[in-house]
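Read the structure below first, then the notes.
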Amino acid sequence: MYPRSPADLTASNMAQALSLDPSSISSIETEVIGQGVGILCQLARVKLAYRENARGPKSVVAKFPAAIEQTRGLARQFKFYEREVNFYKLLAKDVSLPSPRCLHASHDLLSDDFLLLLEDLGDRRLGDQLKGSSAEDAFAAIRQLASFHAEWWDSPKLKTIDWVPLGESDLNKGGLALYSIAWPLYLQQFGSDLPDDMRRIGERLSDQIVGMLDRFQDRPRTLCHGDYRLDNFFFGARPEHDALTVVDWQIAIRSTGTYDVGYFVSQSVPPSLRREIELELLRAYHDRLVELGVKNYSFGDCIDDYRWTLMFCLCYPVIGGGLGDVANERGVALAKAMADRCVSAIRDWKAFEVLKP
């Protein structure tokens, strides 16, 4: 039986998951972390003490399904848990974008229970999406992203990972049908802060968001992280650390690269800074792609894809805020900040023009 929360962890099941002698762990201490950071899972830091001569990790981060059934249903609809476990078991070693070392990954297809035990990155600097990115961190994240995307750009390797859905897949279309369910719930909680014009635009998106995915069919594809935001970034604090390590691969997708770019820039960079550095960020992204061999993708193509993505990305705060677990002060503030930043980017770029009349 899978542990479903930090309270379910014991020295015995931790030893089993870490392939250690059951008698080797003398005690464990769990600390709930990530509240108001992630809305699809529960997270805990687990500190382990060992009996004499026994060896193992001093601490790990344990990841479990969400505690709220509505949120679990959302994750099940998109196969988020299955996807992330597959990433760590099958793909992490082949991806240049650094991720935490995985010590255990298991998933039950029937119940959708899972358990991940990951390297504890607590000695790194964690990004703070609510505060927003600095210019330095934004450029570092975008350049790292471009290197990762270039590696997979229209690559034959994409066909070997069919468990990562295509942008226009039936799985994604079925999942995004949840937008129309989330929209009124989102308005109940956050609608008072939404300008009238964006209420109308959000309503139009409700009718069109599933069809918008068909645009992916004719665009170049790469492997996208899918949840490329500041709360998922750990910046190196010592020389032996990677400059940037990225967590939360639940929403990995085979899609247009701006799927990640538009999401990060529109919802992790404060609007005033975004307006100041946005074109430079996009140019840095495109220049890096070209430098690494990407062809037949102009800067104009990149801008067009970015503008389209801005409109699409309104689904993140709406579905997350409407159906996700934001039952804490930071979670509510983050859902609001993501929407406010996304709305400002949509307005600045008139991205609503990509919608049908």
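The values are calculated or read from the model by the stated rules, or taken from the named source; none is laboratory data. Here the structure is a predicted model, which is why all the values come from computation and not from measurement. No Cβ is skipped: glycine too gets one built from the backbone with ideal geometry, and neighbour counts run over all protein chains shown. For accessibility, only protein heavy atoms count, side chains too; no ligands or nucleic acids. Shrake-Rupley method; radii C 1.70, N 1.55, O 1.52, S 1.80 Å.
When F216, F234 are checked against the criterion of being touching a strand residue (DSSP E or B) at 6+ places or on another chain (Cβ under 8 Å), assigned to a strand (DSSP E or B) and buried (at least 18 other Cβ atoms within 10 Å of the Cβ), F234 stands alone in meeting it. Within this structure, E329 passes the test of being surrounded by fewer than 18 Cβ atoms within 10 Å (Cβ to Cβ) and farther than 18 Å from S155 by Cβ. Within the stretch 1-10, how many residues turn out to be crowded, with 16+ Cβ neighbours inside 10 Å, part of a loop (DSSP other than H, G, I, E, B) and free of Cβ contacts under 8 Å to residues at least 60 places away in the same chain? Qualifying residue count for the region: 1.
For the stretch 136-147, does any single residue satisfy the condition of being closer than 20 Å to A337 by Cβ, open to solvent by less than 30 Å² (accessible area, probe 1.4 Å) and outside any helix (DSSP H, G or I)? Within the stretch 136-147, not a single residue is closer than 20 Å to A337 by Cβ, open to solvent by less than 30 Å² (accessible area, probe 1.4 Å) and outside any helix (DSSP H, G or I). The one condition from (1) among the hydrophobic types (A, V, I, L, M, F, W, C); (2) within 25 Å of A75 (Cβ to Cβ); (3) surrounded by 24 or more Cβ atoms within 10 Å (Cβ to Cβ) that V265 does not meet is (2). Answer yes or no as to whether L166 is out of contact with any helix residue (DSSP H, G or I) (no Cβ under 6 Å at 6 or more places or on another chain), open to solvent by less than 50 Å² (accessible area, probe 1.4 Å) and hydrophobic (A, V, I, L, M, F, W, C). For L166, the condition - out of contact with any helix residue (DSSP H, G or I) (no Cβ under 6 Å at 6 or more places or on another chain), open to solvent by less than 50 Å² (accessible area, probe 1.4 Å) and hydrophobic (A, V, I, L, M, F, W, C) - is not met.
Looking for something at pLDDT 95 or above, surrounded by 19 or more Cβ atoms within 10 Å (Cβ to Cβ), of a type in the set (G, A, S) and more than 27 Å from K63 (Cα to Cα) - is there at least one such residue anywhere in the stretch 148-161? There is at least one residue in the stretch 148-161 that is at pLDDT 95 or above, surrounded by 19 or more Cβ atoms within 10 Å (Cβ to Cβ), of a type in the set (G, A, S) and more than 27 Å from K63 (Cα to Cα). Would you mind stating whether K58 is open to solvent by 60 Å² or more (accessible area, probe 1.4 Å) and either among the charged types (D, E, K, R) or in contact with a strand residue (DSSP E or B) (Cβ under 7 Å, 6 or more places away or on another chain) (or both)? Yes; evaluated as a whole, the condition is true for this residue. Scan the stretch 90-135 for residues that are among the aromatic types (F, W, Y) and either open to solvent by 30 Å² or more (accessible area, probe 1.4 Å) or at pLDDT below 95 (or both) and the total you get is 0. Of the residues contained in the stretch 70-80, one or more are found to be farther than 20 Å from D242 by Cβ, over 18 Å from the mean Cα position of the chain (by Cα) and not acidic (D, E).
Every residue, every condition in (1) at pLDDT below 95; (2) in a loop (DSSP other than H, G, I, E, B), yes or no:
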site: S12; (1), (2): yes, no
site: S26; (1), (2): yes, no
site: V32; (1), (2): yes, no
site: G36; (1), (2): yes, yes
site: K47; (1), (2): no, no
site: N53; (1), (2): yes, yes
site: G56; (1), (2): yes, yes
site: V60; (1), (2): no, no
site: F64; (1), (2): yes, no
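Among what's in the stretch 237-261 and is open to solvent by 10 Å² or more (accessible area, probe 1.4 Å) and not in a loop (DSSP other than H, G, I, E, B), pick the residue that is farthest from T309 (Cα to Cα). This residue is R254. Considering only residues in the stretch 276-326 that are of a type in the set (S, T, Y) and open to solvent by less than 40 Å² (accessible area, probe 1.4 Å), the one that is farthest from F216 (Cα to Cα) turns out to be Y285.
Considering only residues in the stretch 73-89 that are at pLDDT below 95 and either out of contact with any Phe, Trp or Tyr (no Cβ under 9 Å at 6 or more places or on another chain) or assigned to a helix (DSSP H, G or I) (or both), the one that is surrounded by the most Cβ atoms within 10 Å (Cβ to Cβ) turns out to be F80.
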